[in-house]
Amino acid sequence: MRILALFLAATVLAASQVSSVYGQAEPASYASALSGMIQSPLCSSDNFASGDASGDLRGSFSLAFDCQDGAISGGTWLVLVTAGAPDGTTEILGTIRGQVLRGAFESDGDGARVIVRDVSLAITEGTGRYAGVAGGTGSLAATSDAEGAPQFVGTLGLSF
């Protein structure tokens, strides 16, 4: 009788551990290349850069930074994810948006070229196909050059 009770207790304990292992899905990682135009100065709450996103999350993006004490201290970002429809039109799948948490930047001597690095992002909301996304993290690295073509080139990594 004692062995049966121990066996049942061990079975219940093992089952509870298995369900907790499979109960939470690991976040998926997505990588996109960004290419676009500069809309306003780097340290502006307005739309700093916008353009096209390619890779895992295709569509368009917009990005704005706030700066303080020579570093990126906040801002906002958005990716509008699209796909080609069978009839040749573009279908909006949804958006993923969030906040810029912090980052660094450095400019060359005349300030025309700016390197943005170590930018940490937080995902705050998703819509459409991404409506279930309420959180996640991300990173951004980019170069902007007012005289370049394109003016803004970067890599975006998101995990949700």
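Based on alpha-carbon atoms, the Kirkwood radius and the radius of gyration of the chain give Rg/Rh equal to 1.22.
Centre-to-centre separation between the Cα atoms of the stretch 54-83 and those of the stretch 28-48: 4 Å.
Which percent of the Cα-Cα distances in the stretch 80-123 go past 15 Å?
Working: 614 of 946 pairs.
For the stretch 80-123, the fraction of Cα-Cα distances above 15 Å is 65 percent.
Give me the percent of accessible area attributable to carbon and sulfur for the chain, probe 1.4 angstrom.
Working: 5230 of 9400 Å².
Carbon-and-sulfur percentage of accessible area, whole number: 56.
At a probe radius of 1.4 angstrom, the accessible area of the chain per residue rounds to 59 square angstrom. Less than 5 angstrom separates the built amide H of residue 57 from those of 31, all sequence-distant by 5 or more or on a different chain.
The values are calculated or read from the model by the stated rules, or taken from the named source; none is laboratory data. Quick caveat, the model's predicted, so the values are computed rather than measured. Ligands, DNA and RNA are stripped out before the accessible areas are found, and what is left, the full protein with its side chains, is counted by its heavy atoms. Shrake-Rupley method; radii C 1.70, N 1.55, O 1.52, S 1.80 Å.
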